[in-house]
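Contents: one structure, followed by commentary.
The values are calculated or read from the model by the stated rules, or taken from the named source; none is laboratory data. Keep in mind that what you see is a predicted model, and the values were worked out from it rather than measured. FYI the Cβ positions are ideal-geometry reconstructions off the backbone, even for glycines, and counts take in every protein chain you see. The accessibility values were calculated without ligands, DNA or RNA, using every heavy atom of the protein model including side chains. Shrake-Rupley method; radii C 1.70, N 1.55, O 1.52, S 1.80 Å.
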Amino acid sequence: MLPVLALEGVDKSFGAVAALRDARLELYAGEAHALVGENGAGKSTLVKILAGVHGPDTGSVLLDGQPVAFGSPADARAAGIAVIYQEPTLFPDLSVAENIFMGRQPLKGLRRIDAAAMRERTNELFARLGVRIDPDRPARGLSIADQQLVEIAKALSFDARVLVMDEPTAALSGVEVDRLFAVARSLRDNGAAILFISHRFDEVFSLCQRVTVMRDGRWIATDEIGNLTVDGVVRTMVGRDISALFPKMATEPGEVRLQVDGLTRHGYFDDVSFTVRGGEIVALAGLVGAGRSEVARAIFGVDRYDAGQVRVDGRPLRPGAPPAAIDAGLALVPEDRRQQGLVMELSIERNATLPRRWALSRLGLLFGGGERRSAAEWAKRLQVKAARNTDPVSTLSGGNQQKVVLAKWLSTAPRVLMIDEPTRGIDVGTKSEVHRLLSQLASEGVAVLMVSSELPEVLGMADRVLVMHEGRLVADIPRDQADEESVMFAATGQRGAAA
Amino acid sequence: MATDTLVTPARTAKAGPPAWRRLFGSWDAVLILALLVVVLVASATIEGVGSPRFYRFVALEAIPIALIALPMTLVIITGEIDLSVASTVGLTCSVLGQLWYLGVTSLPLLILLSLLLGAVLGAVNGVFITVFGLPSLAVTIGTLALYRGLAYVVLGDRAIADYPPTWTQNAVAPIPGTVIPWFVLVLAALAVVFGVLLYATPIGRSLYAIGNNAEASNFAGISVLRTKFWLFVATGAMAALAGVFWTFRFASARADNATGLELAVVAAVLLGGVSIFGGRGGLVGVIAAVALLGILRNALQLADVPANALTIVTGTLLILSVVGPNLVRMARERLRRRRPATTLERKPS
Ligand SMILES: Nc1ncnc2c1ncn2[C@@H]1O[C@H](COP(=O)(O)OP(=O)(O)OP(=O)(O)O)[C@@H](O)[C@H]1O
Ligand SMILES: [Mg+2]
């Protein structure tokens, strides 16, 4: 049998950076195929070549055994390849439905767009995914997870022969992932080929039949899932053994650092109260849309709130003023790294030192390479893979961009660290490094509030798990009672879990 | 099967481009080169160009433009624009003249009041833009008309011209032993201040961040609105300084002073490589562009090119300035990106 889609000996360079060297891939109809590798291994670049975004420098793309050159994403789409990119690419001012049917809106008489049909088909797609998003609302302001769900709906709407998904689940919680997988399995069973990229191995093993491993832009191996173990895949990927994944050290909780009382923002969250002590890692769990990120943003001051109060080390924090929050020792690693976390056009160096621009200056001047040294130190600590620290962050792979956001905030030496999806898109090796860093910060007395959709991360790292459901705090579960069942029970709004 | 030993030399060259190519790949270098070419060609072909008097005249003409271009560069880097600057000059001139007419005879006091007025006019722009959240383009087109109108309210069509000769002579006096107006030194000092502010202070870092992504800047603890507000205040004050210079240089305060100057300023900033969309560009290019435009205009005037043609030249340069830096950037991208080495058959559709 011929593969529906294949890559042979593909090279791709960006300037001096060789993103792909002799990359290979064979995708068969009716299989779900995982593509794994460290951050910067070249996965997204490979996807973009399949999608017609980039052309290969050398080598070929084969469709049904025939070489093809996709001149643009439209060519690839016409050939039946639907792609969900790692970073959502929605038009913020168009409605959700318009985004999904961009360029192929259903028409009625006189070539007018049939808005009703478009809305209905959007609702059908959302029903399949179990998503509740209003098709008529603009894409602007959707959370990163919702944007991801819209992208998934868009890809599904193509009825494609090949569905490529570049880390579609990075911002999703278990429930949404299960629904996505159910849809993906049914597509696969109907003969579609699925290429799935993820840094979460439980997902890879539950969805896929075959795995291809890449390292430094090269094809390393392809094998049946039955012949593989997680440890084996990781070793092939990284080229060495990875230590235990979640090394949270036990610490004695200190004074209350962050105290939130009755925080309310109408339409987002309601009467949220909790505390985080120094040395504690508190996880904020819940489904996508439960209001977790919104709470963190309101605390930090980028969003306003209607009622309630935030105290840091006992002192009330001025609402709506991020500079005041930073002065009080707060840091927020936001959910959307491209819009909120980074200035994509600026360099790694500038981004990594932006919140400390005053601290690094002497007499108000930034001479003498303080920024350069600090950025270099953190880039090394977090293993940012980049040619130069003066390169714009837009040239980094998704996971490496996330590392720059982490560097930017960890380097401020915060006293209260709020971190929204700390390891979104980060590979295994660095993930355990990030967890080690968080744990170390906690042991130094930092209060950590971690919003995470990844249950193993929540259970492994958190001293306490706060669960939100539809804008309300419904459970506060101590570490020894937190397990998959109790957290999911509360997150889906079932009574009786509240402690 | 392809093997990874089959690499072409172009791909194995890991070092960055050579220095000469980096230089010629930058818009600043293109401008400086153009400046040299214009100076050389014009001096050789047009009589009077290249003489000390010529440069003295160019400098006097360029000073007000450059004074305003300094803060305007910062404003445009943050993605905003201020079109009211020429009217601010006009209103400052008028008020300055009227104050003198009404008997204020202390020069320091007159200068101080003028600068204060400019700052207030800038603050009015700033309030509309940052507090009410209106687009700066609309607001400053409005105040362009408003401030000019106020200038006419203050002076009508009178001209106040009877300043002490020492004031007017001193305004254009040369640095002893040269022909260069001493005010160029004031300009140079201010250029250094703005240059340091933009390139070597935390504020400069925020300006580029704001121009590229205001939301991420807000998340990084930058007070986006406050920063923009103070930029408009600074622009107003610098325009007022230009107004003071203008009044004494021409020994005349009139309501229509500096009409249309905003176009010369914006043209210089854009030609200098600052992106109209914000986030990109710097002062080196802008200063080169002010000089280039000034020399070009005066040389063409000496060559008896009619005024209409001069306008066409300025307009063409303005368009070039928006297209040019993009072309240079695209050319660099092209150099970096290699074309596919193998041409693949297109699938018949
Ligand atoms: N437009 C670009 N310009 C320059 N370098 C680039 C560009 N796009 C990607 N790269 C580089 O190519 C390499 C591969 O990046 P890619 O995005 O394919 O990695 P990835 O495997 O998807 O990583 P991640 O798991 O972090 O998403 C990286 O070193 C990256 O810096
Ligand atoms: Mg990627």
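Worth pointing out:
- Test: A:L406 is of a type in the set (A, V, I, L, M) and open to solvent by 10 Å² or more (accessible area, probe 1.4 Å): no
- Filter result for A:K12 (open to solvent by less than 30 Å² (accessible area, probe 1.4 Å), more than 8 Å from chain B (Cβ to nearest Cβ), touching a His at 6+ places or on another chain (Cβ under 7 Å) and farther than 20 Å from A:V384 by Cα): yes
- Yes/no for B:L317 being part of a helix (DSSP H, G or I), open to solvent by 20 Å² or more (accessible area, probe 1.4 Å), on the phi < 0 side of the Ramachandran plot and in contact (Cβ under 8 Å) with a residue 60 or more places away in the chain: no
- Options A:E433, A:E484, A:E444, A:E470; residue that is open to solvent by 20 Å² or more (accessible area, probe 1.4 Å), closer than 18 Å to A:F269 by Cα and in the same structural domain as A:A298 (by TED's automatic domain parsing): A:E470
- Every residue from the range A:104-129 that is open to solvent by 70 Å² or more (accessible area, probe 1.4 Å) and either in contact with a strand residue (DSSP E or B) (Cβ under 9 Å, 6 or more places away or on another chain) or farther than 12 Å from A:S157 by Cα (or both): A:L107, A:K108, A:L110, A:R111, A:R112, A:I113, A:R119, A:E120, A:A127
- Flag for A:V302 being more than 16 Å from ligand 1 (Cβ to nearest atom), among the β-branched types (V, I, T), touching a Pro at 6+ places or on another chain (Cβ under 8 Å) and free of Cβ contacts under 8 Å to residues at least 40 places away in the same chain: yes
- One residue from A:A285, A:A325, A:A375 being more than 11 Å from chain B (Cβ to nearest Cβ), over 20 Å from the mean Cα position of the chain (by Cα) and buried (at least 19 other Cβ atoms within 10 Å of the Cβ): A:A375
Okay, residues lined up against (1) open to solvent by less than 10 Å² (accessible area, probe 1.4 Å); (2) small (G, A, S):
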| residue | (1), (2) |
| --- | --- |
| B:F245 | yes, no |
| B:A267 | yes, yes |
| B:S275 | no, yes |
| B:G281 | no, yes |
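- Residue check: A:I426 meets all listed conditions (1) in a helix (DSSP H, G or I); (2) within 15 Å of ligand 2 (Cβ to nearest atom); (3) open to solvent by less than 10 Å² (accessible area, probe 1.4 Å) but one, namely (1).
- For the range A:48-84, filtering for residues that are open to solvent by less than 10 Å² (accessible area, probe 1.4 Å) and within 10 Å of chain B (Cβ to nearest Cβ) leaves 4.
- Test for A:I220: is it in contact (Cβ under 8 Å) with a residue 12 or more places away in the chain, among the aliphatic types (A, V, I, L, M) and within 16 Å of ligand 1 (Cβ to nearest atom): yes
- Looking across the range A:284-316, the residues that are over 24 Å from A:G141 (Cβ atoms) and out of contact with any Leu (no Cβ under 7 Å at 6 or more places or on another chain) come down to A:Q309, A:D313, A:G314, A:R315, A:P316.
- Cβ pairs under 6 Å, 6+ apart, first in the range B:200-218 and in a helix (DSSP H, G or I), second open to solvent by less than 40 Å² (accessible area, probe 1.4 Å) and of a type in the set (D, E, K, R): B:P202/A:R357; B:R205/A:R357
- The lone exception for A:K43 - which of (1) closer than 23 Å to A:L172 by Cα; (2) within 14 Å of chain B (Cβ to nearest Cβ) it fails: (2)
- The range A:330-372, subset under 15 Å from A:F300 (Cβ atoms), modelled with pLDDT of 95 or more and more than 9 Å from chain B (Cβ to nearest Cβ), residue surrounded by the fewest Cβ atoms within 10 Å (Cβ to Cβ): A:A331
- Extreme residue, farthest from ligand 1 (Cβ to nearest atom), among residues of the range A:157-173 that are under 22 Å from A:P3 (Cβ atoms) and aliphatic (A, V, I, L, M): A:A160
- Taking the range A:132-174 as the range and being outside any loop (DSSP other than H, G, I, E, B), under 19 Å from A:E335 (Cα atoms) and among the β-branched types (V, I, T) as the test, the residues that pass are A:I144, A:V150, A:I152.
- Filtered by the rule that a residue be more than 8 Å from ligand 1 (Cβ to nearest atom), within 15 Å of A:T222 (Cα to Cα) and assigned to a loop (DSSP other than H, G, I, E, B), the range A:29-55 gives a lone residue, A:E31.
- Scan of the range A:301-349 for residues that are more than 28 Å from B:I77 (Cα to Cα) and in a strand (DSSP E or B), ordered by number: A:A307, A:G308, A:Q309, A:V310, A:R311, A:V312, A:R315, A:P316, A:L330
- Residue count for the range A:384-399, restricted to those that are more than 7 Å from ligand 1 (Cβ to nearest atom), assigned to a loop (DSSP other than H, G, I, E, B) and closer than 22 Å to A:E335 by Cα: 1
- Single residue of the range A:378-396 satisfying the filter (within 14 Å of chain B (Cβ to nearest Cβ) and open to solvent by 80 Å² or more (accessible area, probe 1.4 Å)) that is farthest from A:L346 (Cα to Cα): A:R388
- Residues of the range A:448-486 that turn out to be in a helix (DSSP H, G or I) and of a type in the set (S, T, N, Q), as a count: 2
- Single residue of the range A:288-322 satisfying the filter (at positive phi and out of contact with any helix residue (DSSP H, G or I) (no Cβ under 6 Å at 6 or more places or on another chain)) that is surrounded by the fewest Cβ atoms within 10 Å (Cβ to Cβ): A:G314
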